[in-house]
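Each reported figure results from applying straightforward, stated rules to the coordinates on display, with no laboratory input. Keep in mind the model is a prediction, meaning the values are calculated, not measured. Note: ideal-geometry Cβ built from the backbone for every residue, glycine included; neighbour counts use all protein chains shown.
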Amino acid sequence: MTDSSESGAPTPVRVVALLLAVVVAGAVGVAAFVVLPVGLADLLGVLLTIALVVVVARLVGRALAERYADYTVAEVEVSGPITRDGGGSSLPRSPTTPGADEVVDQIERADDDPKVEALMLKLNTPGGEVVPSDDIRLAAAEFDGPTVAYTTDLCASGGMWIASGCDELWARDASLVGSIGVRFSQTRFDEFADRYGVSYERIVSGAYKDATGAPFKRMEAHEREYLQGLSDAWYDNFVERVAESFEIDEQTVRQTEARVFLGEDAVEFGLVTALGTDDDAEARVGERIEGEPVRRAFEPERGLSDRFGMGVSRVAYALGAGVAAAFGADEGGLEL
């Protein structure tokens, strides 16, 4: 199997163009961030220069790959917690991780590309928000061609919701797969409020308007019943979709009790089509399109300023992710 970045292009032309772009970007970066602003710290200037060089190299490399590459399979990645815009999660998240809307856009661009005959969806996610997960599932289901999902590490909850829109799901022996369930949780502070004299002044129109989003108000039994009903409705929908997609009965899905399974056990439950590496999944795609599968990774379309900002953000993320993991709170809400 070959990747599109290694085929179909005159190598000397691509190498010279890429090196020229890197040299120009480096020179501009040094001039703009190190030499001219004397008052800036040298370290900051170096970091900004490196970020600019990386961004320009990626942009030029991608443009050259699109110009010369010969590919037949689009690969789109879903990684990290699934949210609408890539933010809003209590879990630490890389600034380069695309949100659901960007993932959908990548799938749709692949579907519109006349070179693309099949879609490979790389799923490494613990799950996330319901509707964004369903948006990706719908995009995969509507793709005009074979869709094969695979996971190397974790395909849980919202990842399984997305996989139910694909033709097959592949996993490794040590992959964790499953967690077919719904969480509708809240952080409560009502006992804290009672102890320290914090009051919640309730002014609402509609009896259930503040059933969610009012952590300082004690939850009544009828409100808990209402929220449990919403969670159960989404769960029934989830079970039905997984059962239909993987051709197993709903009772078997419910018997998983939202547990995660190692790849081999997931195959026995019928939640995974087969075990193998991404190359094995790619070979399966080749069988389905009856031709040589050549992958090209489809990534979010972002401008130079956005990519430059993300390059700088990587530094902040590397420093802050550990702190966010230690102090991040459960924000509540309906999640897969």
Here the residues of segment 243-268 lying in the modelled label zone of residue 173, meaning backbone nitrogen under 17 Å from a point 7 Å along Cα-to-Cβ, are 261-268
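Counting other beta carbons within 10 Å of each residue's own, what order do 166, 155 fall into, fewest first? Working shown, then result.
On the way: 166 23, 155 33.
Taking fewest neighbouring Cβ atoms as first place, the list is 166, 155.
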The extension gain from residue 57 to residue 19, computed as 0.36 nm times the residue separation minus the Cα-Cα distance, is 12.9 nm
So residue 231 and residue 108, fully extended at 0.36 nm per residue minus their Cα-Cα distance, gain in nm 41.3 nm
Placing each pseudo-label 7 Å from Cα in the direction of the beta carbon, residue 50 and residue 224 end up separated by a distance in nanometres of 5.2 nm
Projecting the Cα atoms of 185, 175, 199 onto the charge dipole of segment 168-226, where Lys and Arg contribute +1 and Asp and Glu -1 at Cβ, the residue farthest towards the positive end is 199
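What is the magnitude of the charge dipole of segment 199-269 about its Cα centre, with +1 placed on the Cβ of each Lys and Arg, -1 on the Cβ of each Asp and Glu, and no other charges, expressed in debye to the nearest 20? List each step's numbers first, then the result.
Working: 8 positive and 16 negative charges, 141 e Å.
Taking the Cα centre of segment 199-269 as origin, the dipole is about 680 debye.
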The simple spin-label model distance between residue 244 and residue 290, using points 7 Å out along Cα→Cβ, in nm, is 2.9 nm
Here, residue 70 and residue 115, labelled 7 Å along Cα→Cβ, have an inter-label distance in nm of 1.1 nm
In segment 221-257, the GluC sites (Glu not before Pro) that sit in a DSSP loop and have at most 16 other Cβ atoms within 10 Å of their own Cβ are 247, 257
Output ordering of 282-294, 210-222 (per-residue mean of other Cβ within 10 Å, highest first) is 282-294, 210-222
In segment 129-204, the chymotrypsin sites (Phe, Trp or Tyr not before Pro) that sit in a DSSP loop and have at most 14 other Cβ atoms within 10 Å of their own Cβ are 200
